[in-house]
Amino acid sequence: MGAAPPSADPLIRLRVNGADVDVPDDDVTLLEVLREQLALRSLKDGCSPQGQCGCCTVWVDGSPRVACVTPARRLAGREVTTLEGLPEADRAAWADALVATGGSQCGFCTPGIVMRLAALEGPVSDDRIDQSLLAHLCRCTGWQTIREASHVALGAAGPPAGGADRVRDLGPAATRASLEGGVPQRVGPDVVLGDAGFADDGSPSDALVAVPVAGSGYAVAGSLAEARSLAGKVQGRSTTVALGHPVEVPPGEWVLTLATTWVEPAYVEPDASWCAPGGEPASPFGNGGAFGGKLGSPVAEDARRLAEEHGRPVRVLWSREDVVRRGPKRPPVGIGMMSDGSGVLRVGVSGDPLVGSAWDALVADVAAVAPGLVLEQVPVTGPATSLALRAAVWAEAAVLTAVLDHVGPGPVLDTPVEVASPRGARATARCRADGSIGIEVSVGRVLDPVVVRSYAIGAAHQALGWVGSEGIAVDADGDVRDLTMRSFGILQARAMPEVDVRIDSAATGDPVNGSDAVFAAVAAARWLADGLVPTWPTGRGTESRRR
Ligand code: FES
Ligand code: FES
């Protein structure tokens with residue numbers, strides 16, 4: 001770490017991780033000073049300048065603070081600590097605990113969460129931990145394993161069974177994580193400590209920075225702040241526009257119908273890449289598959305092209321607003337089903353109609369879980385839709401099939417519903433009267449039970465949000481109106497029920513992705529418990545909505 005680059009502005013002095021640092025006294029935020037000028041890459045930028053994801057959390061004079069909305073000039077003479085600056089024993093304690101519970105998957109949110117929770121003093125309770133986590137968003141884990149790790153790291157609990165108390169081979173853990181995440185994935189202390197291989201973390205200090213401008217193209221400049229200023233970036237907002245259900249349920253005498261809305265995949269690491277002239281662009285799949293949301297991302301090829309154009313390394317960085325405007329959404333659907341399982345599933349498609357192998361694959365997947373459904377596509381006006389997103393469309397079909405035997409008036413609790421995925425995994429889920437969720441899952445050879453459990457809880461969290469609270473508003477012109485992290489309806493830690501997961505450890509078949517089956521099974525169980533309300537999300541006014 002060294003002094004910031006020379007500047008005409010006067011300097012202010014901060015103390016960062018125990019060393020004095022002089023930085024220009026200009027309008028930059030603490031995040032820009034730490035990440036851009038001092039190259040401290042443990043803290044992440046998931047939403048700046050929205051201040052809503054918590055990924056940039058550091059300590060200022062020992063108290064957690066979100067760096068992206070903290071002006072650096074207010075911190076003259078103050079002590080700033082990042083995860084790099086925590087005592088080695090504390091870093092190791094958090095890394096061990098989170099690896100042992102599976103509390104870090106992609107790892108993008110993790111350093112900020114560690115900085116928040118490591119500041120807790122005195123007795124810790126689930127309530128105190130959940131209260132602290134209100135400042136954060138984790139899309140992967142479902143919170144429970146983070147809570148468990150917190151008790152361990154803060155000394156209130158011993159290591160979890162099967163975790164840190166035995167030597168664990170993290171090779172099979174990474175193999176299992178890769179199966180669940182859909183792209184190669186790392187598991188281990190480095191991920192927890194902020195070194196999971198995210199594209200932008202490895203970008204060279206002399207790279208130009210490119211950020212999208214409205215319409216198309218990029219603004220390219222010598223720093224992120226300059227590039228955003230050139231692009232005219234303003235903070236994205238949420239809206240009071242109501243959620244819509246753009247695909248009508250087909251006409252028919254159905255016993256069961258469902259209409260869904262646009263759902264944001266809400267992966268926390270925004271799309272990013274960098275490339276040197278003549279080189280290979282950094283993969284945007286740093287340590288996660290973004291639930292399929294980045295499979296069509298243009299950032300790597302954009303970085304390659306811009307590097308050639310400028311004859312210098314170029315970082316391509318999307319902001320949260322760019323991700324919401326440009327990234328794909330889960331397609332809205334309208335479904336009607338008869339008591340024998342026959343019916344029609346209409347899938348909303350934005351842009352070119354689905355043809356060829358993509359359509360054939362979807363037809364096959366839906367036939368595997370709901371053979372009586374006829375699939376239709378209808379054009380919708382709105383953001384791009386993608387079938388690559390987690391179990392898109394076949395999960396919806398599987399949900400209706402799973403609950404069909406339980407259609408009747410009122411909510412149904414304590415009833416197991418089962419989903420067999422087209423990939424061969426099986427999951428059973430139930431919503432219990434005490435509010436907890438029970439899951440049984442069979443995924444072939446387990447490889448690593450900690451990872452299977454973690455992904456199952458994470459999938460349950462996404463399923464509960466999908467049914468109950470998630471959706472983004474799209475106006476009549478097809479423009480997305482919910483542009484902030486907090487407007488997507490993601491369940492916060494304190495809204496997440498206890499989940500217990502039983503894994504079929506005797507299964508000997510080839511390992512297969514299990515979290516998609518869990519996702520569909522938990523959604524079915526939740527919907528049953530909600531009384532099969534025919535439009536999703538079924539609940540409004542959840543604590544995480546419309547902040
Ligand atoms: S990047 Fe600062 S809160 Fe999201
Ligand atoms: S592990 Fe929290 S967002 Fe991925």
(message) Looking only at the stretch 475-505, how many residues end up being acidic (Asp, Glu) and at pLDDT below 90?
(response) 1
(request) Looking for whichever is away from ligand 2 (no atom under 16 Å from the Cβ) and among the small types (Gly, Ala, Ser) here; the options are 63, 132. Which one fits? (result) 63
(message) I'd like the full set of residues that are over 28 Å from the mean Cα position of the chain (by Cα) and either within 16 Å of ligand 2 (Cβ to nearest atom) or free of Cβ contacts under 8 Å to residues at least 40 places away in the same chain (or both), limited to the stretch 252-283.
(response) 277, 278, 279
(request) Counting only residues that are closer than 17 Å to residue 493 by Cα and within 16 Å of ligand 1 (Cβ to nearest atom), give me the helices (runs of 4 or more DSSP H) lying completely in the stretch 88-148 with at least 2 of them. (result) 110-117, 126-133
(request) Residue by residue through the stretch 32-74, note down the ones that are within 19 Å of the chain's Cα centre (by Cα), modelled with pLDDT under 95 and more than 10 Å from ligand 1 (Cβ to nearest atom). (result) none
(request) Kindly provide the set of residues from the stretch 344-356 that are in contact with a helix residue (DSSP H, G or I) (Cβ under 8 Å, 6 or more places away or on another chain) and open to solvent by less than 10 Å² (accessible area, probe 1.4 Å), ordered by number. (result) 345, 347
(request) Just one of (1) closer than 18 Å to residue 200 by Cα; (2) touching a residue at least 40 places away in the same chain (Cβ under 8 Å) trips up residue 35, so point out which. (result) (2)
(message) So, in the stretch 264-281, how many residues would count as being more than 16 Å from ligand 1 (Cβ to nearest atom) and either surrounded by fewer than 24 Cβ atoms within 10 Å (Cβ to Cβ) or closer than 30 Å to residue 487 by Cα (or both)?
(response) 9
(message) Can you find, within the stretch 453-489, the residue that is farthest from ligand 1 (Cβ to nearest atom) among those that are of a type in the set (S, T, N, Q) and assigned to a helix (DSSP H, G or I)?
(response) 454
(message) Yes or no: the stretch 58-73 includes at least one residue that is under 26 Å from residue 187 (Cβ atoms), crowded, with 24+ Cβ neighbours inside 10 Å and in contact (Cβ under 8 Å) with a residue 12 or more places away in the chain.
(response) yes
(request) Quick one: in the stretch 8-47, of everything that is assigned to a strand (DSSP E or B) and within 19 Å of residue 227 (Cα to Cα), which residue is least open to solvent (accessible area, probe 1.4 Å)? (result) 24
(request) Any residue in the stretch 133-146 that's within 13 Å of residue 57 (Cα to Cα): show its pairings with residues that are near ligand 2 (Cβ under 6 Å from one of its atoms) at Cβ separation under 8 Å, as long as the two are six or more apart or on different chains. (result) 136/109; 137/109; 137/268
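The values are calculated or read from the model by the stated rules, or taken from the named source; none is laboratory data. Just so it is clear, the structure is predicted and the values come from calculations on it, not from any experiment. Virtual Cβ from ideal backbone geometry, glycine too; neighbours counted across all protein chains shown. Accessible surface is based on the protein model in full, side chains and every heavy atom, while ligands, DNA and RNA are left aside. Shrake-Rupley method; radii C 1.70, N 1.55, O 1.52, S 1.80 Å.
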